[in-house]
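J.: Input: one structure, supplied below.
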Amino acid sequence: MDEAKLNQLKHFVEQCKADPCVLSDPSLSFFRDYLESLGATIPAHSHSHGDSKSKSYVVEESDDDMADAEAAQVHVEEEEEDEIIESDVELEGDTVEPDNEPPQKMGDASVEVSDENREASQAEKSKAVEAISEGNLEEAIEHLTEAILLNPTSAIMYGTRASVYIKMKKPNAAIRDANAALEINPDSAKGYKSRGIARAMLGHWEEAAKDLHLASKLDYDEEISAVLKKVEPNVHRIEEHRRKYDRLRKEREDKRIERERQRRRAEAQAAYEKAKKQEQSSSSRRPGGMPGGFPGGMPGGFPGMPGGFPAGMGGGFPGGMPGGFPAGMGGGFPGGASGGAPGGAPRGGAPGGGAPGGFPGSTPGGVPGNVDFSKILNDPELMSAFSDPEVMAALQDVMKNPANLAKHQANPKVAPIIEKMMSKFGGPK
């Protein structure tokens with residue numbers, strides 16, 4: 001017997017010794033029957049290959065799932081950031097406590113004012129001015145209040161009383177009078193000036209600057225300019241402070257968005273890796289025939305094959321068929337060739353052979369319709385070519401898809417072998 005075949009048979013036997021479960025492969029049922037017919041005892045766990053395989057799957061899947069779970073637990077390192085707490089702005093200028101006294105008396109601007117009341121109102125205003133010059137601010141407020149009640153349609157009266165409340169450091173009262181003056185006359189420079197100064201007294205620097213700039217446009221005076229010189233530096237500090245913290249908040253939000261983006265990307269990558277690992281695991285567990293093909297066939301012929309038609313395709317090709325005999329060549333006849341009719345032809349065709357289509361010239365079911373295998377086995381050129389991996393790869397490619405024949409026609413090593421094979425199969429040349 002060919003030494004190469006013996007070495008491969010020896011290798012297969014060693015595989016069976018190392019892992020008796022190999023014999024549980026359904027495609028080797030004929031070999032188990034043969035061994036048992038010789039009195040051999042097949043280990044029980046080999047027969048229960050399906051059950052042991054299922055248990056093995058459970059354990060392996062459990063391990064894989066644990067690994068996948070660990071891979072899926074992707075954490076994007078998050079920086080612990082303290083909450084942004086705004087510091088106080090260092091401002092200059094004195095402020096006063098807000099006055100919370102009951103609102104002063106206000107007139108009804110909707111009444112019609114007679115000439116007599118208008119004259120009387122002016123008289124009260126004159127008395128108030130005199131009281132102011134003497135420093136009697138409370139008396140001045142009383143006269144101005146009476147003037148407002150006599151003529152509630154005068155924005156000047158409200159503006160004048162507002163200026164007195166400023167002198168008395170009552171900014172809220174001054175703001176109420178300034179608002180009343182601006183309702184009557186939206187272009188009242190005195191109203192904007194009084195309200196701007198009152199707001200500055202309360203530390204409302206930005207609102208104060210706005211009112212004072214409007215007052216300056218309507219009726220500029222030195223007092224407005226002097227107050228603005230104290231107010232505007234604080235406004236600039238406040239604006240700079242706001243820009244600083246707006247920038248910090250934006251940077252923090254940008255970092256949060258970036259962390260979220262990285263987290264989603266990491267989760268997607270973990271999901272991809274998990275799916276890839278599961279696919280690889282599934283592929284590795286999928287039952288597949290004998291690795292490297294059945295080594296060299298079984299020497300001496302298969303029992304029950306009158307005429308000694310050797311198992312696996314007549315004694316096997318030297319070195320075996322890499323990857324198993326391709327679909328379309330009968331698949332090696334395990335389970336289908338035993339008990340063949342005289343002359344070596346399998347009974348009832350070749351069940352379970354190759355894929356439909358198979359090798360050119362084959363009949364449906366994969367076994368060539370008019371093959372004399374002895375011509376193949378006794379052809380030295382073909383037997384030598386079958387030991388060449390390049391030739392075997394090309395043959396398998398054509399057997400899988402006959403349309404691939406064209407791409408091998410230009411190969412001087414492969415083309416003659418394919419042509420000879422087709423001639424022996426009785427297929428198209």
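The values are calculated or read from the model by the stated rules, or taken from the named source; none is laboratory data. Everything numeric in this text was worked out from a predicted model, so none of it was measured. Cβ placement follows ideal geometry from the backbone for every residue including glycine, while neighbour counts extend to all protein chains displayed. Heads up: the accessible areas ignore ligands, DNA and RNA and are worked out on the full protein's heavy atoms, side chains in. Shrake-Rupley method; radii C 1.70, N 1.55, O 1.52, S 1.80 Å.
J.: Among the listed pairs K5/K424; K167/K217; K210/K244, give every one whose C-alpha distance is greater than 29 Å.
T.: From the list (K5/K424; K167/K217; K210/K244), the Cα-Cα distance tops 29 Å for no pair.
J.: Here's another thing I want to ask about it. Going through the cross-link list K10/K277; K127/K190; K10/K400; K17/K400, which pairs have a Cα-Cα distance over 28 Å in this structure?
T.: On the way: K10/K277 35 Å; K127/K190 20 Å; K10/K400 30 Å; K17/K400 33 Å.
Pairs exceeding the cut-off: K10/K277; K10/K400; K17/K400.
J.: With a 1.4 Å probe and all protein chains kept in place, how much accessible area does T160 have, in Å² rounded to the nearest 10?
T.: 20 Å²
J.: On to the next question. What is the gain in length, in nm to one decimal, between E279 and M168 on full extension, counting 0.36 nm per residue of separation less the C-alpha to C-alpha distance?
T.: 31.4 nm
J.: Could you size up the charge dipole of segment 154-236 around its Cα centre, putting +1 on the beta carbon of Lys and Arg and -1 on that of Asp and Glu, and report it in debye to the nearest 20?
T.: 340 debye
J.: Working out 0.36 nm times the residue gap between E258 and E112, then minus their Cα-Cα distance, what length gain in nm do you get to one decimal? Walk me through the intermediate numbers first.
T.: On the way: separation 146, 0.36 × 146 = 52.56 nm, distance 6.71 nm.
45.9 nm is the gain from fully extending E258 to E112.
J.: Mind running the shape call on segment 377-425? Use the C-alpha gyration tensor, a ≥ b ≥ c as the square roots of the eigenvalues: rounded below 1.5 for a/c, prolate if a/b tops b/c, oblate otherwise.
T.: On the way: a/c = 1.65, a/b = 1.45, b/c = 1.14.
Judged from the Cα gyration tensor, segment 377-425 comes out prolate (a/c at least 1.5, a/b above b/c).
J.: Can you tell me the length gained on complete extension of the stretch I42 to D219, counting 0.36 nm per residue apart and subtracting the Cα distance?
T.: Full extension of this stretch gives 52.2 nm more.
J.: Something else now. With a ≥ b ≥ c taken as the square roots of the eigenvalues of the C-alpha gyration tensor of segment 127-205, please select rounded if a/c is under 1.5 and otherwise prolate if a/b is larger than b/c or oblate if it is not?
T.: It comes out oblate by the Cα gyration axes.
J.: State, to one decimal in nm, how far the label point of A123 lies from the label point of Q409, with both points 7 Å from Cα in the Cβ direction.
T.: 12.8 nm
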